[in-house]
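Colleague: Before I ask anything, let me first share the structure, which is written out below as structure tokens.
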Amino acid sequence: MPDKDRTIKDFGKQWLRYSDNEGYYGSFELFSDMLFPFLKLEDLKNCKVAEIGSGAGRIVNMLLESGVQHVVAVEPSDAFAVLTRNIRNSEKVTCLKTTGDQLSPYEDLDYVFSIGVLHHIPDPKPVVEAALKALRPGGHFFVWLYGKEGNESYLALIKPLRVLTKKLPHPALASLVWLIHHPLNLYIRLCHRFPLPLKRYLLSVFGKMPPEKRRLIIYDQLNPDYAKYYTRQEAIKLLEDGGFVNVRAQHRHGYSWTVIGTKP
């Protein structure tokens, strides 16, 4: 059984080492891409929101720049210190060093976000239920998840590799990431000419990142103790089982799922 505490520790160490959110990685352009087609940046203006799994504060700052009224930022790991240091408008943020299932039942939030987090939690249902309780009636839970569809070739490579890499100490894993980064850059160039697997994602998102952020994304794929790749049906069921209605899913760039549900 995957160790939830180990996953929290892994991400804490990761964000302590990779602590900045500069460039396209932390940009409005990328945030708009994440939200499409369910939300626009202007939809968030003056809203009360929460983010589950805030890491180094990347999404929190995106939300603040979108004009939200207040953000509840939830981060259980040692990266909490990085989160509080990176926040640009701290008077509009409440930071909580706890897990997502312990989010308070505010019952007045307009949105709860969890981007790139639930697929690392072996049992995410308590987190989904906590998000439901924190929202006002008619509020929305927005989730981004690894997708199974479109990643078949990638998963055939990454799953056997992760058996090794999730056990590697940081220096060894970081060195391996540098080795992988070079042939991956060649693969991206080939994507400009040929219809290769993951072409849409690599050209639309990954290829826009500076080299250090590309290496971070590779590290992020290889490091965590647990990672689940959701089918569309599983992604929708995750929110429906937590009590959400009108659940919709978008296959983002052919490799992941953005999912949104409404509190009745």
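The values are calculated or read from the model by the stated rules, or taken from the named source; none is laboratory data. Source: prediction; values computed, not measured. Positions of Cβ are backbone-derived with ideal geometry, glycine not excepted, and every protein chain shown enters the neighbour counts.
Colleague: Taking ARG58 as meeting all but one of (1) basic (Lys, Arg); (2) surrounded by fewer than 18 Cβ atoms within 10 Å (Cβ to Cβ); (3) modelled with pLDDT of 95 or more, write down the number of the exception.
Modeller: (2)
Colleague: Now for a different question. Just checking, how many residues over the range 206-246 are among the hydrophobic types (A, V, I, L, M, F, W, C), touching a Ser or Thr at 6+ places or on another chain (Cβ under 8 Å) and farther than 23 Å from LEU155 by Cα?
Modeller: 2
Colleague: While we're looking at this one, here's another question. Consider GLY242 carefully, then state whether it is more than 24 Å from GLN14 (Cβ to Cβ) and buried (at least 19 other Cβ atoms within 10 Å of the Cβ).
Modeller: The answer is yes for GLY242.
Colleague: So how many residues does the range 134-173 have that are touching a Lys or Arg at 6+ places or on another chain (Cβ under 8 Å) and assigned to a helix (DSSP H, G or I)?
Modeller: 2
Table: residues versus (1) acidic (Asp, Glu); (2) surrounded by 16 or more Cβ atoms within 10 Å (Cβ to Cβ).
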position: ASP123; (1), (2): yes, no
position: PRO126; (1), (2): no, no
position: GLY147; (1), (2): no, yes
position: ASN185; (1), (2): no, no
position: ILE188; (1), (2): no, yes
position: HIS192; (1), (2): no, no
position: TYR201; (1), (2): no, yes
position: VAL205; (1), (2): no, yes
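Colleague: Only one residue in ALA131, ALA174 is in contact (Cβ under 8 Å) with a residue 24 or more places away in the chain and assigned by TED's automatic domain parsing to the domain that holds ILE218. Which one?
Modeller: Of ALA131, ALA174, the one residue that is in contact (Cβ under 8 Å) with a residue 24 or more places away in the chain and assigned by TED's automatic domain parsing to the domain that holds ILE218 is ALA174.
Colleague: Moving on to the next point. Among residues belonging to the range 149-182 that are surrounded by 17 or more Cβ atoms within 10 Å (Cβ to Cβ) and of a type in the set (S, T, N, Q), point out the one that is farthest from LEU239 (Cα to Cα).
Modeller: Ranking the qualifying residues of the range 149-182, first place goes to THR165.
Colleague: Next up: Which of the residues belonging to the range 26-47 are of a type in the set (Gly, Ala, Ser) and either within 18 Å of ILE260 (Cα to Cα) or surrounded by fewer than 16 Cβ atoms within 10 Å (Cβ to Cβ) (or both)?
Modeller: Scanning the range 26-47 gives a single hit, SER32.
Colleague: Do you know which residues across the range 218-251 are in a strand (DSSP E or B), under 25 Å from GLY207 (Cβ atoms) and touching an Asp or Glu at 6+ places or on another chain (Cβ under 8 Å)?
Modeller: Passing the criteria: only HIS251.
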